[in-house]
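Participant: Attaching a single structure in structure tokens format; questions to follow.
The values are calculated or read from the model by the stated rules, or taken from the named source; none is laboratory data. Note that this is a predicted model, so its numbers are computed, not measured. A quick note on method: Cβ atoms are made from the backbone with ideal geometry, for glycine too, and the neighbour counts reach across all protein chains shown.
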Amino acid sequence: MEKAQQEGLDLVEVAPQVEPPVARITDFEKFRYKEEKREQAAKKHTKEVELKEIWLSPRIAQHDLETRLRKVNEFLEEGHKVKLTVRFKGREMAHPENGKHVVDQALGIIGGKAVIERETKFEGRNLTTIIGPEKQKKENDAKTENQTGTS
């Protein structure tokens, strides 16, 4: 502490979790600046996955469904997750099987380009399912194969 005061610098604790704690004599403002730059660089390399939502109707026409699913494919190619929502109005709630049929039809059209993240379920008057891009699953499978192969 006295040595730091003599040099006109600060005593900065670098690793407080380690036993004994590690400290460095340095300019605190310079240290803080470097830490912020390191955090920004780490943030820059992370990819943020968004959850996109597509609304469907239990009475949706085939062409309209295909048009919506083209947009879903774009989202999946960009690496985003997609929430397919079938919204029921009025007496449509009397036939929930129609909404389930629409979701199954949509998943059939999308095919192997997506993996189901959350199964289809009712949330109030909406029937929802969440799908994600297939490549995430392949990358995870490759990682597990590499880990088991090197063991």
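Participant: Where in the range 1-58 are there strands (runs of 3 or more DSSP E), lying wholly inside it, with at least 2 residues that are more than 30 Å from Ala114 (Cβ to Cβ)? Give the derivation first.
Facilitator: Working: elements: 10-15, 22-26, 51-56.
By residue number, 10-15, 22-26.
Participant: With the requirement that a residue be farther than 14 Å from Gly132 by Cβ and touching a helix residue (DSSP H, G or I) at 6+ places or on another chain (Cβ under 7 Å), what does the range 67-91 give you?
Facilitator: Leu69, Val86, Phe88
Participant: Could we say that Asp64 is among the acidic types (Asp, Glu) and more than 29 Å from the chain's Cα centre (by Cα) here?
Facilitator: no
Participant: Any idea which of Ile25, Ile60 is touching a helix residue (DSSP H, G or I) at 6+ places or on another chain (Cβ under 8 Å), aliphatic (A, V, I, L, M) and at pLDDT below 90?
Facilitator: Ile25
Participant: Still on this structure: Take the range 32-56 and flag every residue that is among the aromatic types (Phe, Trp, Tyr) and over 22 Å from Thr128 (Cα atoms).
Facilitator: If we filter the range 32-56 for residues that are among the aromatic types (Phe, Trp, Tyr), which is where we start, we get 33, 55.
Within the range 32-56, Tyr33 is the sole residue that qualifies.
Participant: Check whether at least one residue in the range 67-90 is assigned by TED's automatic domain parsing to the domain that holds Lys113, farther than 22 Å from Val115 by Cα and surrounded by fewer than 11 Cβ atoms within 10 Å (Cβ to Cβ), and report yes or no.
Facilitator: yes
Participant: Okay, next question. Any chance the range 42-56 includes a residue that's of a type in the set (A, V, I, L, M) and out of contact with any Lys or Arg (no Cβ under 9 Å at 6 or more places or on another chain)?
Facilitator: Yes, that holds for at least one residue.
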